[in-house]
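Visitor: Quick one: the structure is below, and I'll ask about it shortly.
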Amino acid sequence: MKILHTADWHLGKRLDSFSRVDEQLLVMEEIIQLADQQEVDLVLIAGDLFDTFNPGVEAIELFYKTIKRLAKKWYPTYYRHRRKPRFTQFD
């Protein structure tokens, strides 16, 4: 079984007033490409998904778009955020 283990995405992270969403978009794309290239059986996301307790809409949208794209390729995805484990397999 091949597992792509990722951690601490911190989506929505800013440096002062500078948004890092463009960088985060590239990283999410790289994760999807790695899952494809390596033909993984599972994508594991450990640690903080978002940088703040109440992430902005942009960060939430990026997360769900990424998860949906992974799911379209049939990669089961397990993530844990704030002590709430989730196992996701979209149809």
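Visitor: Say we look at the stretch 42-65 and pick out the residues that are exposed (fewer than 14 other Cβ atoms within 10 Å of the Cβ) and either among the small types (G, A, S) or closer than 14 Å to D8 by Cα (or both); which of these is nearest to the chain's Cα centre (by Cα)?
Guide: Filtering the stretch 42-65 for residues that are exposed (fewer than 14 other Cβ atoms within 10 Å of the Cβ) and either among the small types (G, A, S) or closer than 14 Å to D8 by Cα (or both), the one nearest to the chain's Cα centre (by Cα) comes out as G47.
Visitor: Restricting attention to the stretch 6-43, report how many residues are under 25 Å from G56 (Cα atoms) and either part of a strand (DSSP E or B) or charged (D, E, K, R) (or both).
Guide: 16
Visitor: Applying the selection to the stretch 44-73, what residues are in contact (Cβ under 8 Å) with a residue 12 or more places away in the chain, part of a loop (DSSP other than H, G, I, E, B) and of a type outside the set (A, V, I, L, M, F, W, C)?
Guide: Of everything in the stretch 44-73, those that are in contact (Cβ under 8 Å) with a residue 12 or more places away in the chain, part of a loop (DSSP other than H, G, I, E, B) and of a type outside the set (A, V, I, L, M, F, W, C) turn out to be G47, D48, D51, T52, P55, G56, K73.
Visitor: If a residue has to be in contact with a helix residue (DSSP H, G or I) (Cβ under 9 Å, 6 or more places away or on another chain) and either touching a residue at least 40 places away in the same chain (Cβ under 8 Å) or farther than 15 Å from T6 by Cα (or both) to count, how many in the stretch 33-43 make the cut?
Guide: 2
Visitor: Scan the stretch 1-24 for residues that are more than 10 Å from the chain's Cα centre (by Cα) and either over 19 Å from A71 (Cα atoms) or surrounded by 13 or more Cβ atoms within 10 Å (Cβ to Cβ) (or both) and report the count.
Guide: Looking only at that region, the number is 13.
Read-outs: derived from the displayed coordinates by stated rules, not from any lab. What you see is a predicted model; the values in this text were computed from it and never measured. Please note: Cβ atoms are built from the backbone with ideal geometry, for glycine as well, and neighbour counts cover all protein chains shown.
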